[in-house]
Amino acid sequence: MIDATQKKLREAHFFLQKLLAESKVFVRNEPEAFQFYLSAFLSAARSVTFALQCEEKEKYDNWSPSWFTIQSEGDQKLCKFMVTQRNVEQKRGGADVSVTWEFIPVTEVRTDYQGHPAYYGFHWFGPPGVPPPQVGRPVHSFALGNNKGEATATCKQYLDCLDRLVQDFIQVHSQ
């Protein structure tokens, strides 16, 4: 039942995992990777309801308005906001994301290197009492109403909502 919808949901999960991994990276080869993964996530997530409507149009059209009505006000606003972000991403070239910077000492940066511990991460040597230099990573955030939340957390919350939608649809219509 609803195979295309479930595939789109798995695709959204895939790109959320890419977003989460990219959000933790301090040293990167591709500076736009986060934006690319966010764009892919927004498209895949938005496609979930499109696919569901395409596969089961009559059932979805009759069922979905009442399902959205019983969701919390916060989830309703979140779903509308994320649909808007997908449209902004597709039509204007980028979602409304703000960027701040988180800085840590360069000695705390870890790499994926699996060899000898002496070569793991970055090392710094300086005069006693002098702190090591710092390196920053971008922290991407959405402004949803008066609240500002990290983009990955907002995406996760949206995907949780879509998971519920699909599971509730299956539960109601598989009987």
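The values are calculated or read from the model by the stated rules, or taken from the named source; none is laboratory data. Just so it is clear, the model here is predicted, and its values are computed rather than measured. Here the Cβ is made from the backbone with ideal geometry for all residues, glycine too, and neighbour counts use every protein chain on show.
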Open item on the list: Report every pair of residues separated by at least 6 positions or lying on different chains whose Cβ atoms are under 6 Å apart, first residue within segment 130-150 and farther than 17 Å from Lys80 by Cα, second of a type in the set (Val, Ile, Thr) and not in a loop (DSSP other than H, G, I, E, B).
Closed with: Pro132/Val106; Pro132/Thr107; Pro133/Val106; Val135/Val106; Pro138/Val99; Val139/Thr100; His140/Val97; His140/Val99
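Would it be correct to say that Thr111 is part of a helix (DSSP H, G or I), over 22 Å from His13 (Cα atoms), touching a Phe, Trp or Tyr at 6+ places or on another chain (Cβ under 9 Å) and at pLDDT below 90? Explain how you work it out, then say what you get.
On the way: part of a helix (DSSP H, G or I): no; over 22 Å from His13 (Cα atoms): yes; touching a Phe, Trp or Tyr at 6+ places or on another chain (Cβ under 9 Å): yes; at pLDDT below 90: yes.
Taking the combined requirement at face value, the residue does not satisfy it.
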Task: Given (1) outside any loop (DSSP other than H, G, I, E, B); (2) over 30 Å from Arg164 (Cα atoms); (3) at pLDDT 85 or above; (4) not basic (Lys, Arg), number of the condition Pro128 does not satisfy - done: (1)
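Check Ala33, Ala12, Ala44, Ala40 and return the single one that is touching a residue at least 40 places away in the same chain (Cβ under 8 Å) and of a type outside the set (Asp, Glu).
Only one candidate passes the filter, namely Ala12.
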Task: Checklist (1) of a type outside the set (A, V, I, L, M); (2) at pLDDT below 95; (3) in contact with a Phe, Trp or Tyr (Cβ under 7 Å, 6 or more places away or on another chain) applied to Phe41, failing item - done: (2)
Open item on the list: Regarding segment 120-132, can at least one residue be identified that is of a type outside the set (Phe, Trp, Tyr), over 30 Å from Phe169 (Cβ atoms) and surrounded by 14 or more Cβ atoms within 10 Å (Cβ to Cβ)?
Closed with: yes
